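As structure tokens, the structure follows; a few thoughts come after it.
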Amino acid sequence: MNEKELFNKVILMDIKKDGHIIQNLLANTTILIVASSIMAIVGMVVDGVFIGRFWGSDCIIVNGLMIPVLLLVSFVGEMLASGSKNLMIVYTGKNECEKVNKAFTLTLLFGAFLGILVAVLLYVFSDGFLTILGAGGDFVYLKPVCLDYLKGILPAIPMIIIYEVLQSAVSLDKDDFRPLLALMTFFLTDIIFDILNVYVFKAGMFGMAIATSISYLSALGLLLMHFFDGKTFLKTDFKKLNFKDIKVIISEGKYILLGRELVAIKDFCIYKILLCVTNAATMAAFIVSNYMVYAIMSIVYGIAKATYSITEGFVLEKDNKSLRHLLRGAIKYTLILVVGFCVILNIFAGNIAGIFFNENAQAIDQAKIIIKMMTLYLPEFALGSVFIGYFKGIKEKKFARILSLLNNGVLVCILAIIPGYLKENEGILMAFPISGIITLLAIVIMATRRCGHLPFCIRDFAFHSRFLPENAKIRDSIDILVTDEKQLNITSKKIKEFCISKGIISTNANAIAKYTQNLTRDALNEESGEPVSVKIHLFASSKKVTIRFNKIGTPVKSNELKLWDIDGALSRMALGDTYIQ
């Protein structure tokens, strides 16, 4: 998309209220994030269907016990991918291309090292690990099956981490379609090899795990093909790597997890508790219900991650009005999607359970009950996740940590302390809505503490202006009114000088000036039938730039777009593309 098309599509769109563009931005950002995870979740569900129908409910338990481990590995890969992407953006913004390639190479090597180390440790200590995982006590008979599945999935562990890193890097290298194509390849390959395993090889859980490993290998191969193109910006460079960057990568990447690592730990603890008090049919039913939770989580965390990313930009501007619009949109989308999904689950709970179990009436009945009970918990959990992203974005790290622990830890604590006879009589299911209610109460209490009274509207939950750090500095800005193309050269010069005065290096300042000049020219040349002028309002500091365009002389009073994270924009401009987050 060229600059004129981008300008027509985004900047000159008729916006009647400020909140519309913010909520559209949230929706678009969420879709991009969710697209990268939903296929993997669908693949997990499809695996569960094959396992349940062809290998039995015991094998579903084996698959469920391994999922928290694979989630943790995936989260490590996502952390490294996000941290390295941020670091590469910074280096690219400074025009230090050699450091970009070294950071990319270092992340790949460190990710591969971690993956291989984890795989080797799991293999060496497999017996003890599987006992800790839950294949002990009354379920010790599952250990041989668990061991088969573990052996088949071990090759996938380093590939999962490398896959996350490459997916992020390829996207940064302006090949946005390839990651989606890789996910589709993973999904289709997994289905094909699952079918071959069931009807041809008949290798049981080992074959299912090998199918997953092959699927990751095929997706990795597709991503790696990107780097055989001579036009790629990113390249591997193994000379004089700066290993101190690993600390920066981890530090930058850990915030993007938004407490999801606790979800894997929560599931591990819940499984341990349930294995002590339930039978195999109930355990398998719970794991099937959890497949539905993972599907919803992929959407919820997409919204939470998008909220976190966009919130940071508004905080830098001290733009409380936009924050309220953003939080309103995040809550609205979360409730619409999650409540809608839960209604569908309630209506078709029996049908969904029947897909996973082959003539196991007890497991189907149990799964139906658990799915319906979980729908009372999921909306509260989803809202908690969105607020975690929001709190992190507004730099309320303490609130984010507390809410993350409550959102995941309360459920485990309730399950651990309720009497055994209640667990055996399905009283355990009441722990889910109770946990959700406690999470909502925590959000209300946090908002009450900040605004001084019970929260009654989004303004109160958004913490209004009180969230701002005391040492936050209002950023300098300039306003320029352009009525004729003859003014563009002078305008460009003013913008460049202003950016340089704020500590932005000359190369980046020149790119910002050129970018603004081209977009303004397109606005002036737009055939609207009315005299047009463009007001440019520019904030700048050494790291961040926000440009606001206000087109005057159109039927709509205000057409405005906010851009932030100029490091990201500059990195894409350096690659010959334009990027708007």
*asked:* Please list, in order along the range 364-378, the HN-Hα scalar couplings obtained from phi with the Karplus expression 6.51 cos²θ - 1.76 cosθ + 1.60 (θ = phi - 60°), rounded to whole Hz, x for Gly and Pro.
replied: 5, 4, 5, 5, 4, 5, 5, 4, 5, 5, 5, 5, 7, 9, 5
*For L481, enumerate residues with amide H under 5 Å from its amide H, sequence gap 5+ or separate chain, H modeled in the peptide plane.*
I536
*Excluding ligands, DNA and RNA, what is the solvent-accessible area per residue of the range 232-293 at a probe of 1.4 Å, expressed in Å²?*
43
*Accessible surface of the range 111-203, 1.4 Å probe, proportion on carbon and sulfur as whole %*: 75
*Karplus couplings for the range 444-449 from phi (6.51 cos²θ - 1.76 cosθ + 1.60, θ = phi - 60°), rounded to Hz, Gly and Pro as x?*
4, 5, 4, 5, 4, 4
*K239 to K493: FRET efficiency via 1/(1 + (r/R0)^6), r the Cβ-Cβ distance, R0 51 Å, to the nearest 0.05?*
0.80
*Under a plain spin-label model, where a point goes 7 Å from the Cα along Cα-to-Cβ, how far apart in nm are E96 and C276?*
5.1
*Leaving out ligands and nucleic acids, note down the accessible area per residue over the range 105-213 with a 1.4 angstrom probe, in whole Å².*
42
*Ordering M184, M205 from largest to smallest accessible area (1.4 angstrom probe), what's the sequence?*
M184, M205
*asked:* Please report the spacing between the Cα centers of the range 88-112 and the range 190-230 in Å, no decimals.
replied: 29
_Rg ratio (alpha-carbon, reference 2.2 N^0.38 Å) - the range 56-257_ = 1.12
*Among the chymotrypsin sites (Phe, Trp or Tyr not before Pro) in the range 122-216, which ones are in a DSSP loop with at most 15 other Cβ atoms within 10 Å of the Cβ? Mind listing them?*
F125
*Within the accessible area of the range 245-399, what % is carbon and sulfur when the probe is 1.4 Å and the other protein chains stay in place?*
63
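The values are calculated or read from the model by the stated rules, or taken from the named source; none is laboratory data. Bear in mind that the values here come from a model prediction, so they are computed numbers and not experimental data. As a convention, Cβ positions derive from the backbone with ideal geometry for all residues, glycine included, and neighbour counts pool all protein chains shown. All accessible areas refer to the heavy atoms of the entire protein, side chains included, with ligands and DNA or RNA removed. Shrake-Rupley method; radii C 1.70, N 1.55, O 1.52, S 1.80 Å.
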